[in-house]
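One structure is given here, and the rest of the page talks about it.
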Amino acid sequence: MHNKSVAELSRELESGQVSSVELTQQFLDRIKREDGKYNSFITVTEEQALADAQAADAQRAAGNVTPWTGIPFAHKDIFCTNGVRTTCGSKMLENFVPPYDATVTANFRQAGAVCLGKTNMDEFAMGSSTESSYFGATTNPWGLGQGEKRVPGGSSGGSAAAVAARLVPAATATDTGGSIRQPAALCGVTGLKPTYGRVSRYGMIAFASSLDQGGTMARTAEDNALMLNVMAGFDPKDSTSLDREVPDYTVTLNEPLKGLKIGLPKEYFSDQLSPAMEQQVRNAVREYEKLGATVKEVSLPNAKLAIAAYYVIAPAEASANLSRFDGVRYGYRCEDPKDLMDLYTRTRAEGFGTEVKRRILVGTYALSAGYFDAYYLKAQKVRRLIQQDFINAFEEVDVLMSPTTPSPAFIQGEKTSDPVTMYLEDVFTIAINLAGIPAMSVPAGFVDGLPVGLQIIGDYFSEARLLNAAHQFQQVTDWHQREPQ
Amino acid sequence: MTISRKDIEKVAVLARIRVDDEQVSALEKDLGNILDLVDQLGAADTDAVEPMAHPLNAVQRLRADEVTEINQRDAFQAIAPSTENGLYLVPRVIE
Amino acid sequence: MQWDIVIGLEIHVQLATRTKIFSGSSTAYGAEPNTQANAVDLAMPGTLPVPNEQAFRYAVMFGLAVNAEIERRSVFERKNYFYPDLPKGYQTTQLERPIVGPGYVDLDLANGETKRVRIHHAHLEEDAGKSLHEDFHGMTGVDLNRAGTPLIEVVTEPDMTNAEEAVAFAKKLHGIVTSLGICDGDMSQGSMRFDVNISLKPKGSDTLGTRTETKNLNSFRFMEQAIAHEVERQMDILEDGGTIVQETRLYNGDRDESRSMRTKEEANDYRYFPCPDLLPVEIDDSFIEQARDSLPELPDARKARFMEQYGLNDYDAGLLSGDSKLAGFFEDAASHGKDAKLVANWIQGEFSARLNAEEKSVADSPITGAQLGDLVVRIADNTISSAGAKKVFEALWSGEKDNVDAIIDAKGLKQVSDTGALEAMVDEVLAGMPDQVAQYQQESDPKKQKKMLGGFMGPLMKASKGQGNPKLFNEILVKKLGG
């Protein structure tokens, strides 16, 4: 049962072969049994999940069903869940139980899905390895067989590991610089970062507001489409959410790919990429050619500046977004503050972890008097150059393909001592967030027994096309069905 | 680009994060490395480029002036570190 | 040394919207602490702002009323600083592209001159909450009901040269925003708060001196006092050879003292940057035209109309047209009272004196414009004397009765205007005062004669039990005493 996709489980629930309560219990048991190895969950909501499953079964009996009625899944612990602790991987929010739902959370509730708990993540989504979580690192289910604990990627490493380990068939995630695609690649699952503005950010704890986007993670492209059907849409509570029609993303999954024009950005096939990784990605592209696509090389001349621009813009926005964690209205507060300054400085020194503090300080510096023009304004201009590169590329081709990461999952602790090495993990993903376009990572092979991700990048609001391309690939490959041992 | 201890201490005050001497030393190295990475921006020719604050060329939607919220003080203050008589308490503020 | 005073103002005007600028919470004044602070106002994690259209409409109306350019694409910035009454750790405000651009207001000064004060810009922003410093075991209590209330901050050029001009500007602005209906103008509740920037320079110099900012003055009187106080303070320092420190000062109106604020604080660095949770706000022609169509009569137009329609002089018209509530009161009274000039005198005299004495605003007045109008009718038609009128006014004010004629009857205030009866009384009184009559008749200076008439009025009023028409008594006296 745990190997089945959301689409398959949905059909089994529909046919009455299994009830939501049974399904939920099975997955909860599996989490209890297995998650000690991965630490992919921060909070498991057993009682609530069983109650929701019971309610879902009742809904089904009453004839009120959606494809999600009774389907177990998990939320990244960045989405606020009314009545359920929401930590964002931080000591700052260790005991924070929001009295409100994120719009994404409410949407899944509305659809009748059964949330089993909240998945682990890098603190405040700042990281590429899920090692900066206050609740301990998550371990990648892949590589354990070789006796090494590898990172699942991050920041949505808990969601990726949980899906890869078959603890849930699907999980929500967020992506600010690669936080869906990189862990999806490293854990051998399928993930989609939608166009900025496609999924509401309301109740999704902010890291960098102009880059953050909620998205999907599951094993199949079809399940990603089912998730996006629930998540996408206009939200009057989010000023940056777009009032634009949401298609049924499952309808176009089976369209043929004949004539699809694929561009390969030459900058993403550089010497940063290991030959073995490149081989896997080129093999995947060849599969697309077999499906009738054409391939040409394109150029994103400013892509090399993406990391630099990102590490100004994201920390700058974060430095303001995280000012609200001040120990006054909610969250962690230091013991016995002697005055207001002490309350602030000690609460924030004790409540935030090292990487979060580092980024707040970088962002504060970049915005401070005398540096604003050289850093923030300059980065915003470079951002436009990067966006223009993509606009130009999409005049020539329909989608871009590249590796998702320069290398497969690395060993825990390998990159924690030098933040910049960690930042380079996102070298192929980060420009997409700066431009605000959608992109997916799709399992596309293995190197040394570790999954490799193919990144498919599309123009604004082309999620249906990306899902279609990923789904067609998954009809002729089985990388996404491989199970870690 | 190097960042001085003095700069780090100043920024830490602005950001209201206490840092001890040892942390300042570590930050000097780490922030210095990050700023080196960021300094690549200087190479880009951006003379005629408009800054991009936002990925989408959209304009702000405005909300009708109608009260949509109800009093939920009890729920919000149940998760507050310190309240009394409906007020959030902080160490005495001297103006 | 002679000094020129240079004054600029920053005025925070709370907009009278029903809800906050970025959330659907009520802005009603006086609610229990934190009962009007929702998830967005409390900066709960993940919450996001959505701007209130009415706040923009009001800001545009204000811009049109002060002859300003309207920014077609305005942007919100974050101003970063930590304070317990600022839940997000930044204030959402406008810096680079404020909604209202340069404009101006013309002031009519007491000397008859017109003074133009230029407005640099006005921007939309959110108000902060309130810190309550009463004792909570040595703690401060924070109420966030006010957090997120929309404000426009109006920033003038440093065009004012004395306290009188600054106060005249402040009053004019108060009149404009209350006439527009975009602010309730209640300064005691903080609906308008003034910051005054003051500097001195040697007379005739072109170089501006170092300025100080005196913050949060919430009455015209305090503003006037604070300016006088600060000018004197700076003058003392400069004349002793000292230098002015650029700083923010707090004025205590009750003690007429000021002190420096935040002396220990590190240099502010607000790290402004465009708020990524909000998009640029585009204001199109139709929005502006709709706002223009909804503009009510403004003080300048109203003043011109008062002069034209009611025959008021420039001074009276200026005083009565500034505040929309006072203007409305005047018009109610004048439409009942016929004699607009007399109505104006009563409003500026007895009525204003009582409001001031009881620290009431026009809106709190226990008497209506119509009642005052009825009273003036009875003065004008000689039914009551001015002394009697004051008694009627008292009765109306205290709420004894609400009908002017009923009060006159009940109190027996009706004047005797029967000439025959009055002449008989005059004859009788004059007969009893032969010496004074003779003195009067021997006096050659008409001015002194006029003064001497007063000596007969007392006994005449006594003889008439206070009900004789003093004007008629006067006429009869002059006639009887001969020239």
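Coordinate-derived values only; no laboratory data. Just so it is clear, the model here is predicted, and its values are computed rather than measured. Using ideal geometry, Cβ is built from the backbone for each residue, glycine included, and neighbour counts are taken over all protein chains shown.
Between the alpha-carbon centres of region C:241-309 and region A:428-446 there is a gap of 46 Å. For region C:297-411, the alpha carbon convex hull comes to 91 Å³ per residue, rounded to a whole number.
For peptide A:372-380, compute the average count of partner chain beta-carbon atoms within 10 Å of each residue's beta-carbon. Display every interim value, and only then the final one.
Numbers: counts 4, 0, 5, 5, 4, 3, 7, 6, 9.
Shielding by partners across A:372-380 averages 5.
Sparsely packed loop sites in region B:20-95 (the trypsin sites (Lys or Arg not before Pro) outside DSSP H, G, I, E and B with at most 15 other Cβ atoms within 10 Å) comprise B:92.
Our note on the geometry: Cα centres of region C:353-373 and region A:200-257, 61 Å apart.
Summed over all non-identical Cα pairs, the Kirkwood treatment of region C:395-481 gives a radius of 14.4 Å. On the beta carbon distance between residue A:369 and residue B:39, with R0 = 25 Å, the FRET formula returns roughly 0.85.
Using only the Cα atoms of chain B, build the gyration tensor, take square roots of its eigenvalues as a ≥ b ≥ c, and label the shape rounded, prolate or oblate: rounded if a/c is under 1.5, else prolate if a/b is larger than b/c, else oblate. Let's see the in-between values first.
Numbers: a/c = 3.54, a/b = 1.30, b/c = 2.73.
Note, shape of chain B comes out oblate.
If contacts are Cα pairs under 8 angstrom and at least 6 residues apart, what is the relative contact order of region C:419-482 in percent?
Once divided by the residue count of region C:419-482, the mean separation gives 47 percent.
Which FRET efficiency value, to the nearest 0.05, do you get for residue C:417 and residue C:451 by plugging their Cβ-Cβ distance into 1/(1 + (r/R0)^6) with R0 = 25 Å?
Details: r = 25 Å, r/R0 = 1.00.
The computed FRET efficiency comes out at 0.50.
Sorting the Cα pairs of region C:196-265 by distance into bins of 10 Å, from 0 upward, gives 20, 52, 26, 3 percent per bin.
The HN-Hα couplings worked out from phi for region C:452-461 by the Karplus form 6.51 cos²θ - 1.76 cosθ + 1.60 (θ = phi - 60°) are 5, 4, x, x, 8, 5, x, x, 5, 5 Hz, whole numbers, x standing for Gly and Pro. Here the protein assembly as shown is treated as a sphere whose radius is the Kirkwood value from Cα pairs; by Stokes-Einstein at 20 °C and 1.002 mPa s it diffuses with a coefficient of 65 µm²/s. 3J(HN,Hα) along region C:53-59, derived from phi through the Karplus expression 6.51 cos²θ - 1.76 cosθ + 1.60 where θ = phi - 60°, amounts to 4, 4, 4, 5, 4, 5, 5 Hz, with x in place of Gly and Pro.
Here is the link list: C:338/C:462; A:304/C:88; A:91/A:193; C:360/C:414; A:4/A:76. Which ones come out longer than 23 Å on Cα distance?
On the way: C:338/C:462 31 Å; A:304/C:88 34 Å; A:91/A:193 27 Å; C:360/C:414 31 Å; A:4/A:76 21 Å.
Long pairs (Cα-Cα over 23 Å): C:338/C:462; A:304/C:88; A:91/A:193; C:360/C:414.
Seen from a random direction on average, the alpha-carbon convex hull of region C:59-138 projects onto 8.5 square nanometres. Simple rule: put +1 on each Lys or Arg Cβ and -1 on each Asp or Glu Cβ in region A:324-462, find the dipole, and look at A:442, A:386, A:332; the Cα lying farthest toward the positive end is A:332. Each of C:183, A:334, A:88, A:80 was scored by other Cβ atoms within 10 Å of its Cβ. Listed from fewest to most, they are A:334, C:183, A:80, A:88.
Amide H contacts for residue C:468 (H built 1.01 Å from N in the peptide plane; partners 5 or more residues away or on another chain; cut-off under 5 Å): C:416. For residue C:67 and residue C:189, the difference between the fully extended length at 0.36 nm per residue and the C-alpha to C-alpha distance is 41.1 nm.
Summarising the amide proton neighbourhood of residue C:191: residues at separation of 5 or more, or on other chains, whose placed amide H is nearer than 5 Å comprise C:186.
Each of C:315, A:180, A:253 was scored by the projection of its Cα onto the charge dipole of the protein assembly as shown, and the greatest displacement toward the positive side belongs to A:253; charges sit on the C-beta of Lys, Arg, Asp and Glu. Derived scalar couplings between HN and Hα for region C:296-313 equal x, 5, 9, x, 5, 5, 5, 4, 4, 5, 4, 5, 5, 6, 10, x, 6, 7 Hz in order, rounded to whole Hz, by the Karplus curve 6.51 cos²θ - 1.76 cosθ + 1.60 (θ = phi - 60°), x for Gly and Pro.
In whole percent, what relative contact order does chain C give with Cα contacts below 8 Å and a gap of six or more residues? Could the numbers behind the result be given before it?
Values: 831 pairs, mean separation 66.1, N = 483.
After rounding, I find 14 percent.
Pairwise alpha-carbon distances in chain A exceed 42 Å for 11% of all pairs. For chain C, the longest principal axis of the alpha carbon atoms and the long axis of helix C:470-481 meet at an angle near 40°.
Near residue A:331, once Lys and Arg are set to +1 and Asp and Glu to -1 for all other residues with Cβ below 11 Å from its Cβ, the sum equals +3.
Near residue A:166, within a Cβ-to-Cβ distance under 10 Å, what is the net charge of the other residues, with Lys and Arg +1 and Asp and Glu -1? With Lys, Arg at +1 and Asp, Glu at -1, the neighbours total +1.
Taken residue by residue and averaged, Cβ atoms of other chains lying within 10 Å of the Cβ of C:29-39 number 6.
Placing +1 on the Cβ of every Lys and Arg and -1 on the Cβ of every Asp and Glu, with nothing else charged, gives chain C a dipole about its Cα centre of roughly 940 debye.
Please state the relative contact order of chain A as a whole percent: Cα pairs under 8 Å, 6+ residues apart? Present the calculation step by step, with values, prior to reporting the outcome.
Details: 1187 pairs, mean separation 86.5, N = 485.
The normalised contact order for chain A reaches 18 percent.
Model label sites at residue C:106 and residue C:236, defined 7 Å from Cα along the beta-carbon direction, differ in position by 4.1 nm. Summing +1 for each Lys or Arg and -1 for each Asp or Glu among the other residues whose beta-carbon sits under 12 angstrom from that of residue C:318 gives -2. Comparing Cα centroids, region C:104-149 and region A:117-194 end up 49 angstrom apart.
What is the helix-to-structure angle for B:21-38, meaning the angle in degrees between its Cα long axis and the longest Cα principal axis of chain B, kept from 0 to 90 and rounded to the nearest 10? Between the helix axis and the principal axis of chain B, the angle is about 70 degrees.
For chain C, the longest principal axis of the alpha carbon atoms and the long axis of helix C:324-337 meet at an angle near 20°. Its Cα centre serving as origin, region C:1-129 has a Cβ charge dipole (Lys and Arg +1, Asp and Glu -1) of approximately 360 debye.
Panel note: the C-alpha atoms of region C:3-290, placed on their principal axes, show extents of 56, 54, 33 Å (largest first). Amide H contacts for residue A:114 (H built 1.01 Å from N in the peptide plane; partners 5 or more residues away or on another chain; cut-off under 5 Å): A:70, A:71, A:73.
When shorter helices are ignored and each DSSP H run of at least 4 residues is given -39500 (n - 2.57), the per-residue value for the protein assembly as shown at 222 nm works out to -12000 deg cm²/dmol. Size descriptors for region A:72-185 (Cα atoms only): Rg and Dmax, in that order, 13.4, 44 Å. Charge dipole (Cα centre; +1 on Lys/Arg Cβ, -1 on Asp/Glu Cβ; no other charges) of the protein assembly as shown amounts to roughly 580 debye.
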